[in-house]
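Chemist: Here it is, the structure in full.
The values are calculated or read from the model by the stated rules, or taken from the named source; none is laboratory data. Keep in mind that this is a model prediction, so the values were computed, not measured. Glycine gets a Cβ as well: all are built from the backbone with ideal geometry, and neighbour counts include every protein chain shown.
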Amino acid sequence: MSADCIFCKITRGEIPSKKIFEDEDVIVFHDIHPIAPVHFLIVPKLHIDSLASTDQSHQALLGKMLLLAPKLAADQGLKGFRTMINTGREGGQEVFHIHVHVFGGGTTLPKT
Ligand code: AMP
Ligand code: ZN
């Protein structure tokens, strides 16, 4: 847990979110500024800064997050989707609590 982290605050229920899934390890909610008709974030409850801060101890958690992506994408009606993990400022990361973006719907996504 990190006191000032916005995703830790969402995990603790201190900031509202449009939640679509939660269990003991992860919370999943819609992105507040969606870049596709469906755009949600898979967020571990454990505060980890970024993918660059992960190690062997996070293997099961990372696997769980990825395995949730197709299941929740299907729940949201997506027939295909894109995943994205921005890592570090130069990787476009803005919230320094690791998360997997899942987005799709409506139109074909560009190749890059
Ligand atoms: P990243 O650039 O990978 O760190 O992405 C952070 C994402 O978090 C952005 O797409 C934001 O729109 C999203 N975001 C920031 N604050 C919130 C919030 N309170 N609820 C939902 N999504 C948020
Ligand atoms: Zn956090």
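Chemist: Go through F96, F81 for me and flag whichever is in contact (Cβ under 8 Å) with a residue 60 or more places away in the chain and of a type in the set (F, W, Y).
Modeler: Values: F81 fails: in contact (Cβ under 8 Å) with a residue 60 or more places away in the chain.
Just a single option satisfies the conditions, and that option is F96.
Chemist: In addition: Consider K45 against the criteria (1) within 21 Å of E94 (Cβ to Cβ); (2) more than 13 Å from ligand 1 (Cβ to nearest atom); (3) charged (D, E, K, R); (4) surrounded by fewer than 15 Cβ atoms within 10 Å (Cβ to Cβ): it satisfies all of them except one. Which criterion is unmet?
Modeler: Unmet for K45, out of (1) within 21 Å of E94 (Cβ to Cβ); (2) more than 13 Å from ligand 1 (Cβ to nearest atom); (3) charged (D, E, K, R); (4) surrounded by fewer than 15 Cβ atoms within 10 Å (Cβ to Cβ): (4).
Results for (1) at pLDDT 95 or above; (2) under 16 Å from E94 (Cβ atoms), shown as yes or no for each residue.
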{"position": "M1", "(1), (2)": "no, no"}
{"position": "F7", "(1), (2)": "yes, yes"}
{"position": "I15", "(1), (2)": "yes, yes"}
{"position": "K19", "(1), (2)": "yes, no"}
{"position": "V26", "(1), (2)": "yes, no"}
{"position": "H30", "(1), (2)": "yes, no"}
{"position": "H33", "(1), (2)": "yes, yes"}
{"position": "L41", "(1), (2)": "yes, yes"}
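Chemist: Give region 12-25 a look and list any residue that's more than 8 Å from ligand 1 (Cβ to nearest atom) and under 19 Å from A69 (Cβ atoms), or say none.
Modeler: Across region 12-25, the qualifying residues are K19, I20, F21, E22, D23, E24, D25.
Chemist: If you don't mind, another one. Can you tell me which residue in region 55-71 is farthest from ligand 2 (Cβ to nearest atom), limited to those that are surrounded by fewer than 18 Cβ atoms within 10 Å (Cβ to Cβ) and under 19 Å from F7 (Cα atoms)?
Modeler: Step one: filter region 55-71 for residues surrounded by fewer than 18 Cβ atoms within 10 Å (Cβ to Cβ), giving 55-64, 66-67, 70-71.
Those left that are additionally under 19 Å from F7 (Cα atoms): 58, 61-62, 64, 66.
On the way: H58: 14, L61: 14, L62: 16, K64: 17, L66: 19 Å.
Once the filter is applied, the top-ranked residue is L66.
Chemist: Can you pull out the residues in region 2-11 that are surrounded by 13 or more Cβ atoms within 10 Å (Cβ to Cβ), away from ligand 1 (no atom under 11 Å from the Cβ) and free of Cβ contacts under 8 Å to residues at least 40 places away in the same chain?
Modeler: Passing the criteria: only T11.
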